Amino acid sequence: MENVNFNDEKKTFKETSKSFFKDFFSVKMITLNAFVAALYAVLTIICYPLSYSFIQLRISEMLNLLVFFNPSYTLGLTIGCLLANLMSSSGIFDITLGTLATLLSCLLMIGFSKLTKNLFFSGLIPCVLNALMVPFIIYLASLGTIEEFILEAPIFFIMAGWTFLGEFIAINVIGYFIFMLLSKKYKGFSSLFNASYNLDFKW
């Protein structure tokens, strides 16, 4: 029977925890997350006609790709989305569920990136998740009943399609192009975003 050294396991856990907090909550990452949160909120609000329209074309959503290179950006993106959603006409539903959608998108992108280092496919995750969530949020905000929601299912899929298109343009077209250009033309790409994961990513 193999002997288990609990002292070694405890030591390893402490070292891992220390490394986690050092990487995720360093002064530099807190500053970068604050910047990302502000940038997300500002980009969303100044593009108000597009950000809160039927198509939901939020240019700020391209920032979701940051978590592919550093998972700790989940914090900044979630806070940024929360701040931006305070301006939404969908009120509390967008503030809560919309922000939750961003949080889940980031977490799923982090997990997916461990399976494949493909930036384009990772970017599809928030596209799909928001396409499902946004029409539901808008419907809840209109105070519709579940029965009406079921009867109006075709409208839901139309809205989902438009939302997916808006997300796709922001993330997998604009964002993808910017990140690709920076990684190929700018030598300080990794230090610029404090990237520490998936530096050998595939396009």
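None of the figures in this text is laboratory data; all of them are computed from the coordinates on show. None of these values were measured; they are calculated from a predicted model. Every residue, glycine among them, receives a Cβ derived from its backbone with ideal geometry; neighbour counts consider all protein chains shown.
Can you order the peptides 36-42, 123-129 by their average number of other Cβ atoms within 10 Å per residue, highest first? If you can, show how the numbers build up before the last one.
On the way: 36-42: 19.3, 123-129: 21.4.
Averaged packing, sorted descending, gives the order 123-129, 36-42.
If you count, for each residue, the other Cβ atoms within 10 Å and average over each peptide, how do 181-190, 168-177 line up from highest to lowest? Can you show the working numbers first?
On the way: 181-190: 12.0, 168-177: 19.3.
In descending order of packing, they fall as 168-177, 181-190.
May I ask you to sort Thr102, Thr96 by Cβ crowding, counting other Cβ atoms within 10 Å and putting the fewest first? Walk me through the intermediate numbers first.
Working: Thr102 26, Thr96 13.
Result, fewest neighbours first: Thr96, Thr102.
If you plug each phi of the stretch 87-100 into the Karplus form 6.51 cos²θ - 1.76 cosθ + 1.60 with θ = phi - 60°, what whole-Hz ³J(HN,Hα) values come out, in order, with x for Gly and Pro?
8, 6, 6, 7, x, 4, 5, 6, 4, 8, 5, x, 5, 4
Give the long-range amide H neighbours of Asn118: residues separated by 5 or more places, or on another chain, with amide H under 5 Å away, using H modelled in the peptide plane at 1.01 Å from N.
Under 5 Å from the amide H of Asn118: Lys202.
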